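Below is one structure, written out as structure tokens; the observations come after it.
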Amino acid sequence: MNEAVPVSRVTDHGTAKLMPDVDRARAWLLTVDGAPQSYVDLDEPAHLEFEYTRRLGHVLDTVAEPGRALDVLHLGGGAFTLPRYVAATRPGSRQDVVEADRGLLDLVAEHLPLPAGAGITAHGADARAWLEAAAADSADVLVADVFGGSRVPAHLTSVGYVREAARVLRADGVYVANLADATPFGFLRGQLAGLAACFAELALIAEPAVLRGRRFGNAVLVAAHRPLDTAALARRTAADAFPARVVHGPALRDFTGDARPVRDEDAVPSPEPPAGAFGIG
């Protein structure tokens, strides 16, 4: 776009708005129905504005040696913040992005086009349906960041979904998801139990205030069959402008407690955020 003017469009799943950042020349905030979804700087794709996105970025930075190309599957597209990040930091990576809102895909392609040769393929499809049809052992990393408005859809919260994710990942692959919850963490604990049923190693990244139950907020879950570099993750998250803690091992098992994996027939969306938790005007 030649002029940095806001764009608003009704898409398949809501009203999407692209708003320019007055402080960064080619940076844009995407909201859907007022809920922030993505922030993209077209000139600096490695810039991650949102706190939770930086934590996802820290995981992506530590899953393999720096610069190594990866096969990454993203469930949830938004404005393709993390696919752009991986393309910039791990050139040659092959990435699939699954986004149910085809109208949103069209909006992003029109106004925030991907760089040529980025190795990113977009798919307009339901995340779980696409996952169930995907080839086994086909991804090094699976990033789940799917929100219908401000809530994770129910069919992406069950242990049946987690089994499909584990099937698609390679033996040394890593699953990482962005969720949101608050004390007493009934939803988050159920998600951890589901991951524990399918993966040997788990970690949770969240702000201390969220972990202490002081406010509703994001939590990044990481799962793998191999040891995770929790020390590197802890260093990176602690050094962030908004520091977070990495919980793993016995402390994470204590946090999960007696929670049970969520069956498909019992699955519900993630909790509704309190008014003003994530919204923007």
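The values are calculated or read from the model by the stated rules, or taken from the named source; none is laboratory data. Just so it is clear, the structure is predicted and the values come from calculations on it, not from any experiment. Using ideal geometry, Cβ is built from the backbone for each residue, glycine included, and neighbour counts are taken over all protein chains shown. The area values use the complete protein model at the heavy-atom level, side chains included, leaving out ligands, DNA and RNA. Shrake-Rupley method; radii C 1.70, N 1.55, O 1.52, S 1.80 Å.
List of remarks:
- Of all residues in the range 6-54 being over 27 Å from ARG236 (Cα atoms), among the hydrophobic types (A, V, I, L, M, F, W, C) and assigned to a loop (DSSP other than H, G, I, E, B), the one that is most open to solvent (accessible area, probe 1.4 Å): VAL22
- From GLY249, GLY213, GLY217, residue being open to solvent by less than 80 Å² (accessible area, probe 1.4 Å) and either under 19 Å from the mean Cα position of the chain (by Cα) or on the phi < 0 side of the Ramachandran plot (or both): GLY217
- Consider the range 252-275 and keep the residues that are touching a strand residue (DSSP E or B) at 6+ places or on another chain (Cβ under 7 Å) and either of a type in the set (S, T, N, Q) or farther than 21 Å from GLY194 by Cβ (or both). The one that is least open to solvent (accessible area, probe 1.4 Å) is SER270.
- Of ARG163, ARG170, all but one fail to be open to solvent by 30 Å² or more (accessible area, probe 1.4 Å) and either aromatic (Phe, Trp, Tyr) or in a helix (DSSP H, G or I) (or both); the exception is ARG163.
- Cβ-Cβ under 7 Å pairs, at least 6 apart or on other chains, the range 39-63 side touching a residue at least 40 places away in the same chain (Cβ under 8 Å), far side crowded, with 22+ Cβ neighbours inside 10 Å and among the basic types (Lys, Arg): VAL40/ARG84; PRO45/ARG84
- From the list ALA125, ALA118, ALA165, the one residue that fits, being more than 25 Å from PRO36 (Cα to Cα) and free of Cβ contacts under 8 Å to residues at least 60 places away in the same chain, is ALA165.
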